[in-house]
Amino acid sequence: MARTIVITSGKGGVGKTTTAAAMAMGLAQRGHRTVVIDFDVGLRNLDLIMGCERRVVYDFANVINGEANLNQALIRDKRCEHLFILPASQTRDKDALTQEGVGQVLEELRKTYDYIVCDSPAGIEHGALMAMYFADDAVVVTNPEVSSVRDSDRMLGILSSKSRRALENDEPIREFLLLSRYSPERVASGEMLGVEDVQEILALNLLSVIPESKAVLNASNAGTPVILDVESDAGQAYSDMVARYLGEERPMRFLEMERKGLFSRFFRG
Amino acid sequence: MDSELASTAPAFELKAAGFTLPVIRLLRLDMDAVEAQLLPKVQQAPGFFQHTPVVIELNALPSADEEVGFPQLVGLLRGLGMIPVGVRGGGAAQHEAAKAMELAILSDAAKPGAKPEVVDDLALELPVTGQSAKPQIGIETGSHLVDRPVRSGQRVYAAGGDLTVLAAVNSGAELMADGNIHVYAPMRGRAIAGLHGDRAARIFCSDLQAELVSVAGHYRVSDSIPAKLKGCQTQVFLDHDVLRIEPL
């Protein structure tokens, strides 16, 4: 049975698209047929992060309007054969996404794919509501700071009241927390909220803690999902996210400050 | 291009709602004086005025015919971060001038002591508990039990009874009850007990960190809750006309 996963946050710039790309790539690498959809109509980015911006011909809005069929719009990833990307339209506004249209496209995708990852736009307006409406699972991406936590909290409230599962009194959406841009040094110095502080407020199943990392920006610039950078801390943390989402138990990593080696301490001395 | 469904499905609901807005009651037409006196007030509480809709009241002006410097006033208010939305009172010429500035003309029904709270149009966003029967039983007996976190932006209203919450109430969430409110987890949002004026209603918290507590219209915001009571087991009640917050 296909599962639709929405990557959402409320607040912008917290790492939704990075997370959506990593989640989709991670699932596909494990052999699951996966499609990742950009819901950010008018501000599409996913194609850049996935490195397929030069191969976009048709987009999500074209499919909804019947101007192209799904197979014409889906872009197969060059690195992983199980992964497909459905880009957003850059030229329209978010009203291009009608509920019936989105529902029909998702219904069709569910026939052939195991996982449908929806990259939500920021905000709680139409585009974000469309991205989460049909979701089975939600990954709420949060930065360890108060405004992001509050926006995530708001988003969780909307998930539990305005999604299809909520409105039809179905089993509620499974909600997961992903803490991104985490910097143990800044937590220790009190500039950032710690994992426990965020968990105390949001009280969710924590999928992973992604450390603040240069690898994320480098990966975006290169058009490679950061999960493919297996050497990097962020890449490993995203691998943990996918593993935990699929039910594996893994210890949390990257929560502690990097211990200074004896040599660096010595030479700084 | 719209399908049949899209054109017939309701796209909106028309509702009436009351709002409590700050009113700037003009006493004189000297806009420079208004500016000089308003500025320090805004500086005291910049957060309160930022993006706040305000109404300009003209009733207290000596004459309903004199020209009000709307362009200057609107510019001044906007410059301070407020959003002037309309005028109340005043004469026909003043209304014309206000309309020219895209201000609405609001009805002049100034009822002193009118209830500030919006009670007719509560958007009920009861968290889905999984068992839909639960909230309904709550309604029948006049009480609500909520066992999932109340998230920022959610409002829960127990009409005609008590509201009991077993999970955290987060900042930006709102609890309302005609009776008492009990919260057995961190209470970081707003709690409004005795919504319809029951002065005997109380609020009980096992961990008070509220943004606002109110009983029968008397309220206190977080700033005026003594710091030593924060995070403690407390009750909030009305003693004559004073809202008291005391440890349990």
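Express the Stokes-Einstein translational diffusion coefficient of region A:81-136 in µm² s⁻¹, to the nearest whole number, given a Kirkwood radius over alpha-carbon pairs, 37 °C and a viscosity of 0.692 mPa s.
268 µm²/s
Rg and Dmax in Å for region A:1-151, alpha carbons only: what are they?
So, for region A:1-151, Rg and Dmax equal 14.1, 43 Å respectively.
Quick one: length gained pulling A:L48 to A:Q199 fully straight, 0.36 nm per residue minus the C-alpha distance?
The A:L48-A:Q199 span can extend by a further 51.2 nm.
Which aspartates and glutamates have a Cα lying under 14 Å from the Cα of B:K228, excluding residues fewer than 8 positions away in the same chain?
Answer for B:K228, where 14 Å is the Cα cut-off: B:D207, B:E246, listed by chain and number.
Quick one: if the Förster radius is 41 Å, what FRET efficiency do B:A93 and B:Q44 give, using the C-beta to C-beta distance and rounding to 0.05? Present the calculation step by step, with values, prior to reporting the outcome.
Numbers: r = 35 Å, r/R0 = 0.84.
In this case the efficiency is close to 0.75.
Can you run the Rg to Rh ratio on region A:113-240? Use alpha carbon positions and the Kirkwood inverse-distance Rh.
Taking Rh as the inverse mean 1/r over Cα pairs, Rg/Rh reads 0.99.
So what is the relative contact order of region B:1-91, in percent, for Cα pairs below 8 Å that sit 6 or more residues apart?
Computed value for region B:1-91: 33 percent relative contact order.
Of all beta bridges DSSP finds with both residues in region A:1-133, what is the antiparallel percent, to the nearest 5? Walk me through the numbers on the way to the answer.
Values: 2 of 16 bridges.
Restricted to region A:1-133, the bridges split so that about 10 percent are antiparallel.
Taking the C-alpha atoms of the protein assembly as shown, how large are the radius of gyration and the largest Cα-Cα span, Dmax, in Å?
Cα radius of gyration and Dmax of the protein assembly as shown are 26.7, 83 Å respectively.
Which ordering of B:V221, B:V23, A:V6 is given by a fewest-first count of other beta-carbon atoms within 10 Å?
In order of increasing Cβ crowding within 10 Å: B:V221, B:V23, A:V6.
Please report, in whole Å, how far the alpha carbons of region A:54-117 spread along each principal axis, starting with the longest.
32, 27, 18
Going down the list A:K16/A:K214; A:K162/B:K15; A:K94/B:K15; A:K16/A:K94, which pairs span over 21 Å between their C-alpha atoms?
A:K94/B:K15
Quick check: the distance between the Cα centres of region A:78-135 and region A:25-46, to the nearest angstrom?
That distance is 9 Å.
Using Cα pairs closer than 8 Å and at least 6 residues apart in sequence, work out the relative contact order for chain A, in percent. Mind dumping the intermediate values first?
Numbers: 546 pairs, mean separation 62.2, N = 269.
Over chain A, the number comes to 23 percent.
Is the shape of region A:20-65 rounded, prolate or oblate, going by the alpha carbon gyration tensor and its root eigenvalues a ≥ b ≥ c, with a/c under 1.5 for rounded and a/b larger than b/c for prolate?
prolate
With the Cα gyration tensor of region B:132-248 in hand, give its eigenvalues times 5 under a square root as the equivalent ellipsoid semi-axes, listed largest first in whole angstrom.
Three semi-axes, in Å: 21, 16, 11.
With springs only between Cα atoms under 10 Å, which of A:D229, A:D77, A:D170 fluctuates most in a Gaussian network model of chain A?
Between A:D229, A:D77, A:D170, it is A:D170 that shows the largest mean-square fluctuation.
Test of understanding: ordering B:T164, A:T17 by Cβ neighbours within 10 Å, fewest first, what list do you get?
So the ranking, lowest neighbour count to highest, is B:T164, A:T17.
With r as the distance between the Cβ atoms of A:A222 and A:M257 and R0 = 35 Å, compute the FRET efficiency 1/(1 + (r/R0)^6) and round to 0.05.
0.80
Return the ratio Rg/(2.2 N^0.38 Å) for region B:149-199, where Rg is computed over Cα atoms only.
1.01
Provide the percentage of antiparallel DSSP beta bridges, counting only those with both residues in the protein assembly as shown; round to the nearest 5.
Restricted to the protein assembly as shown, the bridges split so that about 20 percent are antiparallel.
For region A:169-220, what's the radius of gyration and Dmax over Cα atoms, in angstrom?
Values for region A:169-220 (Cα only, Rg and Dmax): 13.9, 44 Å.
In debye to the nearest 20, how big a dipole does region A:1-136 give about its Cα centre with +1 on each Lys and Arg Cβ and -1 on each Asp and Glu Cβ?
Working: 15 positive and 17 negative charges, 101 e Å.
Here the size comes out at about 480 debye.
Only bridges whose two residues both fall in chain A count here: according to DSSP, what percent of them are antiparallel, nearest 5?
Expressed as a percentage, antiparallel bridges in chain A total about 5.
Which of the three applies to region A:136-208, rounded, prolate or oblate, going by the alpha-carbon gyration tensor with a ≥ b ≥ c and a/c under 1.5 meaning rounded?
Verdict is prolate for region A:136-208.
Could you list, bin by bin from short to long, the percent of Cα-Cα pairs of region A:98-170 in 5 Å steps?
3, 14, 25, 25, 18, 9, 4, 1, 0
Along its principal axes, what span do the Cα atoms of region B:1-72 show, with the longest given first and each in whole Å?
59, 34, 25
Using +1 on the beta carbon of Lys and Arg, -1 on that of Asp and Glu, and nothing else charged, what's the dipole of chain A about the Cα centre, debye to 20?
Value, rounded to 20: 640 debye.
D for region A:1-79, whole µm²/s, Stokes-Einstein with Kirkwood Rh over alpha-carbon pairs at 4 °C and 1.567 mPa s: what number?
Values: Rh = 13.6 Å.
After rounding, the answer is 95 µm²/s.
Out of every Cα pair in region A:1-47, what percent are spaced more than 15 Å from each other?
Result: 46 percent of Cα pairs exceed 15 Å.
How long are the three semi-axes of the equivalent ellipsoid of chain A, in whole Å, if each is the root of 5 times an eigenvalue of the C-alpha gyration tensor, listed from largest down?
Result for chain A: semi-axes of 32, 21, 16 Å.
With the contact rule set at Cα under 8 Å and sequence spacing of 6 or more, what percent relative contact order holds for region A:1-130? Walk me through the intermediate numbers first.
Working: 255 pairs, mean separation 54.8, N = 130.
Over region A:1-130, the number comes to 42 percent.
Work out the length of the dipole vector of the protein assembly as shown about its Cα centre, built from +1 on the beta-carbon of each Lys and Arg and -1 on the beta-carbon of each Asp and Glu, and round it to the nearest 20 debye.
1260 debye
Rounded if a/c is under 1.5, else prolate if a/b is larger than b/c, else oblate: which is region B:184-248, with a ≥ b ≥ c the root eigenvalues of its Cα gyration tensor?
The shape class here is prolate.
The numbers here are math on the coordinates, done by the rules we state, and not lab data. Quick caveat: nothing in here was measured; it's all calculated off a predicted structure. Don't worry about glycine lacking a Cβ; one is built from the backbone with ideal geometry, like all the others, and counts go over all protein chains shown.
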